[in-house]
Amino acid sequence: SQKFGFIGLGIMGSAMAKNLVKAGCSVTIWNRSPEKAEELAALGAERAATPCEVVESCPVTFAMLADPAAAEEVCFGKHGVLEGIGEGRGYVDMSTVDPATSQRIGVAVVAKGGRFLEAPVSGSKKPAEDGTLIILAAGDRNLYDEAMPGFEKMGKKIIHLGDVGKGAEMKLVVNMVMGGMMACFCEGLALGEKAGLATDAILDVIGAGAMANPMFALKGGLIRDRNFAPAFPLKHMQKDLRLAVALGDRVGQPLVASAAANELFKGARAAGFGDEDFSAIFKTYER
Ligand code: NAP
């Protein structure tokens with residue numbers, strides 16, 4: 001059976017690693033908060049004490065971490081990935097970060113003789129559980145091929161976009177669109193409700209036309225029911241908008257709507273909604 005490492009067992013990572021285990025791969029895991037490794041260990045995954053131990057013991061290691069700070073700490077920190085990476089070993093960072101962070105990690109891994117691929121994903125908790133993510137890889141081609149059997153257990157569409165940074169850029173573009181869509185959707189629902197329209201009627205009309213999409217269909221009912229249990233935590237959505245706005249700065253592209261969405265999500269974080277689903281942006285309109 002194939003052997004993989006997996007670092008970072010949050011909402012996404014735990015579901016992705018579970019699919020590797022269920023497919024019969026031998027998986028070595030680590031998570032900062034050890035309790036999140038328990039369920040996977042019970043399913044047969046092997047626990048390591050540090051990220052260093054994971055990459056030392058596996059030819060290819062996947063990571064799924066919160067943000068640039070988390071990705072850097074796991075790579076560069078004490079007992080981190082860099083201390084364990086060696087000749088030929090592969091590190092595949094699937095976290096959503098900015099291209100510069102991904103490039104810094106990639107350069108450091110390669111300097112130690114390892115190989116690096118970034119592979120952020122599109123798709124939320126449910127696609128992670130179902131193994132139907134869209135995987136946006138970029139970097140080492142050989143590692144891409146070697147990681148493919150693992151990718152195929154986690155995703156339904158897997159693409160290679162070029163040099164390290166291109167996967168991160170694609171991911172930020174896609175999520176920036178998603179953040180703006182959610183902000184407008186919630187604004188429309190809040191406006192309609194305040195004007196006295198039934199939420200179900202609004203959802204029905206939107207769902208019947210050219211604006212219908214799976215995200216509105218799924219989140220619309222949950223927002224109506226005020227169910228904001230996190231599938232995609234709001235704090236991560238704001239992080240992605242912040243990084244997209246920074247990418248806009250870098251390339252000189254004005255991002256008027258997305259900058260406004262970033263401020264909205266930042267306000268929702270400040271209001272204490274960061275750990276709820278990103279659809280909890282709706283609550284800022286209810287206050
Ligand atoms: P999550 O549930 O918040 O998990 C974050 C993970 O990062 C946890 O394992 C956490 O460890 C770890 N972490 C955070 N800071 C750390 C640090 N300083 N050192 C070591 N580990 C650290 O988030 P998620 O939803 O799984 O998302 C993970 C990544 O995927 C994010 O970049 C997110 O933007 C992206 N993403 C998410 C979705 C989604 O729908 N949820 C979809 C696509 C992409 P602890 O358990 O110890 O906190």
*For the chain, modelled as a Gaussian network with Cα springs under 10 Å, which listed residue fluctuates most, 252, 165, 106?*
252
*More than 18 angstrom apart: percent of Cα pairs within region 169-286*: 50 percent
*asked:* Can you tell me which of 29, 159, 134 moves the most in a GNM of the chain? Springs connect C-alpha atoms under 10 Å apart.
replied: 159
*To the nearest 20 debye, what is the magnitude of the charge dipole of the chain about its Cα centre, counting +1 on the Cβ of each Lys and Arg and -1 on the Cβ of each Asp and Glu?*
140 debye
*Taking the Cα centre of region 181-244 as the origin and placing charges on Cβ (Lys, Arg +1; Asp, Glu -1), which of 196, 241, 215 is farthest toward the positive end of the dipole?*
241
*Quote the relative contact order of region 3-164 in percent (integer), defining contacts as alpha-carbon pairs under 8 Å separated by 6+ residues.*
20 percent
*DSSP bridge pairs, the chain: antiparallel proportion in percent, nearest 5*: 15 percent
*asked:* Taking the Kirkwood radius as the inverse of the mean 1/r across Cα pairs, report the Rg/Rh of the chain.
replied: 1.00
_Gyration tensor (alpha-carbon) shape descriptor, region 3-164, a/c threshold 1.5_ = rounded
*Based on the Cβ-Cβ distance from residue 107 to residue 199, what FRET efficiency comes out when R0 is 51 Å, to the nearest 0.05?*
0.55
*List the GluC sites (Glu not before Pro) within region 66-115 that fall in a DSSP loop (any state other than H, G, I, E or B) and whose Cβ has at most 15 other Cβ atoms within 10 Å.*
87
_Under the span-like rule (Cα at least 27 Å along the axis, Kyte-Doolittle mean at least 0.5), DSSP H helices of the chain_ = 166-195
*With charges only on Cβ, +1 for K and R and -1 for D and E, what is the dipole size of region 169-286 about its Cα centre, in debye, rounded to 20?*
300 debye
*Please build a GNM for the chain, connecting alpha carbons under 10 Å apart, and tell me which residue among 86, 192, 209 fluctuates the most.*
209
*For the chain, build the charge dipole from Cβ charges (+1 Lys, Arg; -1 Asp, Glu) around the Cα centre, then report which of 52, 10, 251 sits farthest towards its positive end.*
251
*asked:* Rounded to the nearest 20 debye, what is the charge dipole size of region 1-146 about its Cα centre when +1 sits on each Lys and Arg Cβ and -1 on each Asp and Glu Cβ?
replied: 140 debye
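No lab work stands behind these numbers, since they all come straight from the coordinates. The shown structure was predicted, so the numbers you read here are calculated from the model rather than taken from an experiment. We place every Cβ from the backbone using ideal geometry, glycine too, and count neighbours over all the protein chains shown.
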